[in-house]
Amino acid sequence: MVSYQKRGKVWQYEISYKDVDGKYKKYRKSGFKLKSEAVLAASEVQATQPLFSSYNVANQTLASYFDHWIMLYKQNYVSNITFMKYQNTAKHIHKYFGNLRLKDLNKDIYQECLNNFAKTHAKRTVSCFHKHIRAALLDAIDEGIITKDPTRKAVVTGKDYQPAQKFLNYTDWQKLINNLNCNHTGELMIYLAALTGMRYGEIAGLTPNNINMIDGYININRTWDYKYRTGFKDTKNKSSRRKIPIDNHTLHLLENYIKTKNIQADDLIFKHHGKIYYSAQINNLLTNKLNALYLPRITFHGLRHTHASILLYKGVSVLSVSKRLGHSNTTTTQSTYLHIIKELEAKDNDKIITILDKSF
């Protein structure tokens, strides 16, 4: 692989190659006034230096090539979240392509691997997977590592998913919370989201110190960065720092879980095998649970919407719901749940008319 970089007033080329032992090394040269001069010089070196032909790059696996490609061209050049997507693609390449070498990859093999991936992933995910691999292989073609594009005209399919509802109704909410195994880390997180309306990062960042067993509330004063894995961070806004009252049953579940798992006061409560669930993992767990109970699919964030919707339907004021959710003002709550508020307003109008009718 060749990359070019301007250093001050001159251009430099850098050739990344494998030595006879298959180890990656780099060869650099600078001092070119124009980029075109650097490109020409790099091409000549690659064509004439036996150093770069001592190892046939096409003999390496697609997985190995892709791992190096994202480190060279994507790390530090894309956002952290985007780079994590490339890393996720790399993990899937290792799983679905295994030790397949670049020189052995053809259209039929590529399509077969893509189809296998599509059996358990949504079409949008398959499309992203294909797009990442194709970009890397087009660079391999440009460098002469392979001569044909095995991804050309590939058919992208995927598992059909029903669009997620925004929230569950009261009956479905009851069915869900009464069928969760709260000794299981992920299912207890789902339960807590459904009973408190807390955001995922807020739940993931809980320690026993945040649970007031005497007065019966959860103290939210920070959140966990589950996207970039940088640790604790500030809450979304000042209003998100709040105390959420919880019922005795939920308190008992949390207390029992903490004691059973022997979680220390300042340790994260919801570590699963030493790590916090990725958002995709917790959403998959929730989807599987809902499917098993024959309930409509919602996302983990939909549990927050469900909690708020149920409270509003049961007559809790918009102000109280807003404070419980940690919204910065009631306008946010009103705009988010406008459809529910309008339904409640219609019911209230009917009550008003009934009261007035009975006055005569």
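None of the figures in this text is laboratory data; all of them are computed from the coordinates on show. This structure is a prediction, so every number in the text was calculated from the model and none was measured. Note: ideal-geometry Cβ built from the backbone for every residue, glycine included; neighbour counts use all protein chains shown.
Please find, in a Gaussian network model of the chain (springs between Cα atoms separated by less than 10 Å), the residue of 319, 114, 168 whose mean-square fluctuation is greatest.
Its mean-square fluctuation being the largest, the pick is 319.
Using only alpha carbon positions, build the gyration tensor of region 170-343, then give the equivalent ellipsoid semi-axes as the square roots of 5 times its eigenvalues, largest first, whole angstrom.
Output for region 170-343: semi-axes of 24, 20, 16 Å.
Please get the size of the charge dipole for the chain, origin at its Cα centre, with Cβ charges of +1 on Lys and Arg and -1 on Asp and Glu, quoted in debye to the nearest 20.
Using Cβ point charges on Lys, Arg, Asp and Glu, the chain gives about 720 debye.
Percent antiparallel among DSSP beta bridges with both residues in the chain, to the nearest 5?
Antiparallel bridges: around 95 percent, rounded to the nearest 5.
Suppose the chain between residue 111 and residue 219 were pulled fully straight at 0.36 nm per residue; how much longer would it get relative to their current alpha carbon spacing?
Fully extending the segment from residue 111 to residue 219 adds 33.8 nm.
How many angstrom lie between the Cα centre of region 199-236 and the Cα centre of region 85-118?
38
Below 8 Å, C-alpha to C-alpha, sequence gap of six or more: please give me the relative contact order for the chain in percent.
This gives 13 percent for the chain.
What FRET efficiency comes out for residue 148 versus residue 294 if R0 is 35 angstrom and r is the Cβ-Cβ distance? Round to the nearest 0.05.
The pair residue 148/residue 294 has a calculated efficiency of 0.15.
What distance in nm separates the simple spin-label points at residue 73 and residue 272, each placed 7 Å from Cα in the Cβ direction?
Roughly 3.4 nm, to one decimal.
In the structure shown, do any of 6/26; 91/271; 119/148; 159/275; 227/289; 238/271 have a Cα-Cα gap over 19 Å, and if so which?
In this structure, 91/271; 119/148; 159/275; 227/289; 238/271 lie more than 19 Å apart at Cα.
Okay, which of region 90-110 sit inside 13 Å, backbone N to the point 7 Å along the Cα-Cβ direction of residue 120?
Counting only backbone N, you get 92-97.
Divide by every residue of the chain the summed helix terms, -39500 (n - 2.57) for each DSSP H run of at least 4, and state the resulting mean residue ellipticity at 222 nm, rounded to the nearest 500 deg cm²/dmol.
-15500 deg cm²/dmol, from helical runs alone.
Pairs of alpha-carbon atoms within less than 8 angstrom and 6+ residues apart define the contacts here; what relative contact order does region 170-343 have, in percent?
The normalised contact order for region 170-343 reaches 27 percent.
Rank the residues 354, 151 as a footprinting-exposure proxy: fewest other Cβ atoms within 10 Å of their Cβ go first.
Going from sparsest to densest Cβ surroundings: 354, 151.
Could I have the simple spin-label model distance between residue 157 and residue 34, label points 7 Å from Cα toward Cβ, reported in nm to one decimal?
Between residue 157 and residue 34, the simple spin-label model gives 5.1 nm.
So for 71, 198, fewest C-beta neighbours within 10 Å to most, what's the order?
Starting with the residue having the fewest Cβ neighbours, the order is 71, 198.
Sequence gap at least 6, Cα distance under 8 Å: using those rules, report the relative contact order of region 82-211 to the nearest whole percent.
Relative contact order here is 22 percent.
Test of understanding: in a Gaussian network model of the chain with alpha carbons linked when under 10 Å, which of 122, 292, 58 would top the mean-square fluctuation ranking?
Looking only at 122, 292, 58, the largest GNM fluctuation is found for 292.
Could you list 189, 1 in order of exposure, starting from the residue whose Cβ has the fewest other Cβ atoms within 10 Å?
Neighbour counts put them in this order, fewest first: 1, 189.
Just checking my list (1) 1.01; (2) 1.12; (3) 1.09 against Rg/Rh (Cα atoms, Kirkwood Rh) computed from this structure; which label fits?
It is the value labelled (2).
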